[in-house]
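Note sheet for the following structure.
Since every read-out is calculated from the coordinates, none of them should be taken as a lab result. Since we're looking at a predicted model, the values are computed, not measured. Because the Cβ atoms are built from the backbone with ideal geometry, glycine has one as well, and the counts that use them run over all protein chains shown.
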Amino acid sequence: MMLSSTVMGQGPVIIILHGLFGEGKNWLSIAKAISSSFEVHLLDQRNHGNSFHSIEQDYQLMASDLNKYVKNKNISNFFLFGHSMGGKVAMEFSLFYPEKVDKLIIVDIAPKLYKENYENIFDGIKNVLLKAESRKQAQAILTDYTCDIVLTNFLLKSLFFVDTKPKLKFNHSAIKENIQNLLMSPKYNTFFGGPTYFIRGEKSNYITKKDIPYINELFHNNNVITIPNAGHWPHFDQKEKFIDCLKQVLSQ
């Protein structure tokens, strides 16, 4: 099965991988900002967006999905970009298929185990699917669980209705079953020596000083860049600064 994608622009290929509960089109405005110089591929990863659903999900499988995609598109070498979960997929891919990645760009995620609790989110999603009769009602239900309107609105980007029944593009049940796999770090005892950029939000705790040794161990030629006044979604919190940073990284 092949990953779904949106492709735009001309030039060297850059593949963008979204984060957990997202889809490729979340990055549409960023893609448009660089599409005059690059052929941008916005991928929907398994169990997300318009891509196939599967009961299995881990980073080895998702890296394999990406490899099948580039083979199908006859892409030999490319720039690889990933945010959060997508960043871990990008790291996994670069460690397993290093010869295919010309430049690696990781946004606000480190190659380590994260100990996060998603139970409130999954409980909220369950109640949205059971009770919501409108987008406004879904927002009210989910916000009671997330206590974060930005996160709620992000999750509800995948909401749609079929005969008044709420549905989600992402496969919430499979993601819930595999969430521990998605919190894991890359497993390979090797390294990626190509140019690598870690772009972090200043207000985010996803990449800290304690993570630098892990980064250095796996990515020998790395540079950590901080976007000021930004959190885990620096492309949303500081869009123009993020685009300027991305363009500079891509031109180096």
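Assorted remarks:
- Distance (nanometres) between label positions extended 7 Å along Cα→Cβ at Glu217 and Thr143: 4.3 nm
- Between helix 135-146 and the chain: long-axis angle, C-alpha atoms, 0 to 90°, nearest 10: 70 degrees
- Amide hydrogen neighbours beyond the local backbone of Phe219, cut-off 5 Å, H modeled: Phe192
- Approximate spin-label separation Ser29-Lys247, in nm, with each point projected 7 Å along Cα-to-Cβ: 1.6 nm
- Close amide H pairs (under 5 Å, H built 1.01 Å from N) link Thr226 with Arg200, residues at least 5 positions away or on another chain.
- Size descriptors for segment 119-177, from the alpha-carbon set: Rg then Dmax equal 10.3, 29 Å.
- Sites Lys203 and Met8 - FRET efficiency at Förster radius 25 Å, r taken between beta-carbons, to 0.05: 0.25
- Cα-based Rg / Dmax (Å) for segment 120-239: 18.4, 53
- Once both labels are positioned 7 Å from their Cα atoms along Cα-to-Cβ, the gap between Tyr114 and His53 label points is 2.4 nm.
- Length-normalised contact order of segment 1-70 in % [C-alpha pairs under 8 Å, at least 6 apart]: 40 percent
- Positive contributions from Lys and Arg (+1) and negative ones from Asp and Glu (-1), summed over other residues with Cβ under 13 Å from the Cβ of Thr164, come out at +2.
- For the residues Asp65, Asp237, Asp148, a GNM of the chain with alpha-carbon springs under 10 Å puts the largest fluctuation on Asp148.
- The chain: relative contact order as a whole-number percent, Cα under 8 Å and 6+ apart: 19 percent
- Simple point charges give the picture: +1 on the Cβ of Lys and Arg, -1 on the Cβ of Asp and Glu, and for the chain a dipole about the Cα centre of about 260 debye.
- Segment 22-104 - charge dipole about Cα centre, Lys and Arg +1 at Cβ, Asp and Glu -1, debye rounded to 20: 200 debye
- Placing unit charges on each Cβ (+1 for Lys and Arg, -1 for Asp and Glu) gives the chain a dipole about its Cα centre, and among Gln180, Gln137, Ala90 the Cα reaching farthest toward its positive end belongs to Gln137.
- Potential lengthening between Asp102 and Asn127 on full extension [0.36 nm per residue; Cα-Cα distance subtracted]: 4.6 nm
- Database remark: amide H of Leu20 closer than 5 angstrom to the amide H of Met85, Gly86 (H placed geometrically; neighbours at sequence offset of 5 or more, or on other chains; Pro and chain starts carry no H).
- Between helix 239-251 and the chain: long-axis angle, C-alpha atoms, 0 to 90°, nearest 10: 30 degrees
- Charge dipole (debye, nearest 20) of segment 119-177; +1 at Cβ of Lys and Arg, -1 at Cβ of Asp and Glu: 260 debye
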